[in-house]
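Below is one structure, written out as structure tokens; comments come after it.
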Amino acid sequence: MDDKASSAPLRKLLENLSGAGKAIGVLTSGGDAQGMNAAVRAVVRMGIYVGAKVYFIYEGYQGMVDGGTNIVEADWESVSSILQVGGTIIGSARCKAFRTREGRLKAACNLVQLGITNLCVIGGDGSLTGANIFRSEWNGLLEELAQNGKIDKEAVHKYAYLNVVGMVGSIDNDFCGTDMTIGTDSALHRIIEVVDAIMTTAQRYLALVSALACGADWVFLPESPPEEGWEDSMCVKLSENRARKKRLNIIIVAEGAIDTQNKPITSEKIKELVVTQLGYDTRVTILGHVQRGGTPSAFDRILASRMGVEAVIALLEATPETPACVVSLSGNHAVRLPLMECVQMTQDVQKAMDERRFKDAVQLRGRSFEGNLNTYKRLAIKLPDDQIPKSNCNVAVINVGAPAAGMNAAVRSAVRVGIADGHKMLAIYDGFDGFAKGQVNAWKSTLDEYHQAKDEPPLVTSSILNSDSTISFSPRSFEGNLNTYKRLAIKLPDDQIPKSNCNVAVINVGAPAAGMNAAVRSAVRVGIADGHKMLAIYDGFDGFAKGQIKEIGWGDVGGWTGQGGSILGTKRTLPGKNLEEIAAQMRAHNINALLIIGGFEAYLGLLELSAARERHEEFCVPMVMVPATVSNNVPGSDFSIGADTALNTITDAYSSALMLANARESHDEFCVPICVLPATVSNNIPGTDTSLGSDTGLNTIVEVCDCWSQAYGPQAIMLTLLTKFHGNKFKESHDCLQVARRYMYFIQ
Ligand code: ADP
């Protein structure tokens, strides 16, 4: 890649990282977790991207020990369309043989034969411990293999070191050193869905966060057993709730919950207690595998992708002295921590609990667990009035600006924490307008008022401070936006434009993504303002080879900002097969610089062109790419063009469905089943590799319509936001609408 043209971070990444001649093995081990596929995909693609060979090791350590067809080289396509798939496509298993040196000897033999000296293990603390043992024994294992005549002496020398990097894939979120493990967020989504049911046994380490998110009445955790006499306190609390007409109590019991004497507390035991002491109808729902079900959440996909990339970088940067590391999440950043220290801490938690050192256990679980526990306690359990300090302080709470989800939860926290600290809490209604008019009420610290804080209607917000007022707080971004706006909207008179004699071509590559057209528009206008001649290449690298290239002017890109898809036309084809033709077109049009806007194919295409520089001097020009993909899965960028729109569209679909559901009370017409079609389509969106608006989309829609109308009859309402998804592909959207109308009322 041309030094001047490439952006600094990309240049640095490529300079420092060469995977050429290296082989990486990737495996998933132990229990499966949502998002493992995203991690596998990221390792494979990042590995290939930096020129390494990447091997799938199927069925965890068992595949490594068995070898043969269990270890297979992966290519780019082998990980297409797996982001949204639950579990792990390369299989995960528990393997007794790997716990023995004999088993590990076999595994080492299989790896050496393929030249694999880099291992990426995605699993829980057991799997990572195994990997670390394997790494420390590696040299000895190779010596033994050479003595047995399985490998030659040269191989012992050549493959002397095994680099190991771990990623924690586990729905337990029980690993010390990382804020979130891959799979936790998806499991949490499942739990929160099911917690609408009554009582639940949750996966141990998710119980606390679920309790926080659901506002549970009581939570039993192994690290923080309830105080002696908890049976009575719990029953008192539940009956108080009933007295206030609260019909539903939620109690969350974590797997492994115990009392201070280390005796197990089970959901059955609690049910018995509630039924005998209070006589309430009580149901137990055991979540079990439900937590592993479904597709991975957006967070897990993003987390796993980011971690996978970091893992490959860690492997390539490893030296013989680097200890095995685990890629963790700390404060929203992927960081590397020493693997064994984290494993040790994780095991220490269990030890502390066994020895009834519960305070230590909570501390060892880390800051975020401790923080969550304290928050939960402060918000759910009120101290008796006489234990609350008196502060003589009046604290007022007000909502200002547009309403936002979570505002009420924030008010609830503030009120409860304030009351617990002895302050008098005041609510100001209707923002600053209400403040001026004196719409202020006290939340008294009586038990009733206190408990009502949770169910209090929202403090209605007004928009006195509308979002414009934030401009003054971010002068740089405002100034930047203003300059960009000016450059893009106002054309200088021709005689004021410098002349550069440079021809710059713009091309879209990969699947269409919202925002691609806005990027082309910016590039074209900025280019023209700088005096270059701007050329548009139509239909991706295919069109490039065929000479579909035309000069594009300032006015040609007018109105492109708000248009979805790719107006230039985009294809996933790579330039590889047509390098001769493309070089000829570069020559014919005298292209002096190339801008590629697209997803992973754009990265790959750019790499192919730069690799062909020795043979074709036409490619020895600045070439730059801008990531644009709804998958948001490209290395080196937090957010790619298109990702935000995709997420917003999904959110819109859900909000619309919710509004319809709420309208049921006042409109009989809505008392029919409602289907949000994009929710089905959208399963593919953050992760899909197939282009939106393709045949797949249409087929899915027809299928869904058929099932839906068969199940509920033609009155069912289907909500679709297809045109948003399909961008400029109106024809297909139109077809979809026709299909939709055939069956049901259509609301746009
Ligand atoms: P997790 O990785 O989810 O904690 P396990 O503890 O069951 O799951 O470990 C998964 C696999 O990792 C085991 O079946 C075994 O093959 C390997 N493993 C676990 N602990 C060790 C160990 N101490 N030594 C060697 N291999 C181990």
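The values are calculated or read from the model by the stated rules, or taken from the named source; none is laboratory data. These numbers come from a predicted model, not from an experiment. Methodologically, a virtual Cβ is constructed for each residue, glycine included, from the backbone with ideal geometry; neighbour enumeration extends over all protein chains shown. SASA here: full protein model, heavy atoms, side chains in, ligands and nucleic acids out. Shrake-Rupley method; radii C 1.70, N 1.55, O 1.52, S 1.80 Å.
Protection proxy ranking, highest mean first, for peptides 133-142, 175-184: 175-184, 133-142, where packing is the per-residue count of other beta-carbon atoms within 10 Å, averaged. Using the Cβ-Cβ distance between Glu102 and Ser80 with R0 set to 30 Å, the FRET efficiency from 1/(1 + (r/R0)^6) comes to roughly 0.20. Approximating the spin labels as points 7 Å out from Cα along Cα→Cβ, the Asn262-to-Glu73 distance works out to 5.4 nm. In this calculation the C-beta distance from Gln439 to Arg613 is compared with R0 = 56 Å, giving a FRET efficiency of 0.20. Exceeding 21 Å between C-alpha atoms, which entries from my cross-link table qualify? They are Lys359/Lys424; Lys237/Lys269; Lys237/Lys424. Cα-Cα > 21 Å for Lys359/Lys424; Lys237/Lys424; rest within. Between the amide H of Lys571 and those of Gly510, Gly540, Phe541, distances stay under 5 Å, these residues lying 5 or more places away or on another chain, with hydrogens modeled in the peptide plane. Let me make sure I get this right: for region 70-128, a, b and c are the square roots of the gyration tensor eigenvalues over alpha carbons, sorted descending. Under 1.5 in a/c it's rounded, otherwise prolate if a/b > b/c, else oblate. Which is it? The shape class here is oblate. Remark: region 497-627 carries 38 Å² of accessible area per residue (probe radius 1.4 Å; ligands, DNA and RNA excluded). Based on the Stokes-Einstein relation at 20 °C and a viscosity of 1.002 mPa s, and on the Kirkwood radius from alpha carbon pairs, region 497-627 is assigned a translational diffusion coefficient of 149 µm²/s. Model label sites at Gln387 and Lys546, defined 7 Å from Cα along the beta-carbon direction, differ in position by 7.7 nm. Rounded to the nearest 0.05, the FRET efficiency derived from the C-beta distance between Ser500 and Ile133 at R0 = 60 Å is 0.45.
Is there a pair in Lys22/Lys106; Lys271/Lys390; Lys106/Lys158; Lys351/Lys390 whose C-alpha atoms are over 30 Å apart, and which pairs would that be? Among Lys22/Lys106; Lys271/Lys390; Lys106/Lys158; Lys351/Lys390, the Cα-Cα distance tops 30 Å for Lys271/Lys390; Lys351/Lys390. Rolling a 1.4 Å probe over the protein heavy atoms of region 497-627, with every protein chain left in place, gives an accessible area that is 50 percent carbon and sulfur. Think of a 1.4 Å ball rolled over the protein heavy atoms: region 91-146 then has 38 Å² of accessible area per residue. Residue separation of Val417 and Glu321 scaled by 0.36 nm, minus their Cα-Cα distance, works out to 29.7 nm of gained length. The stretch between Val335 and Ala160 holds 60.3 nm of extra length on full extension. This uses 0.36 nm per residue minus the Cα-Cα distance.
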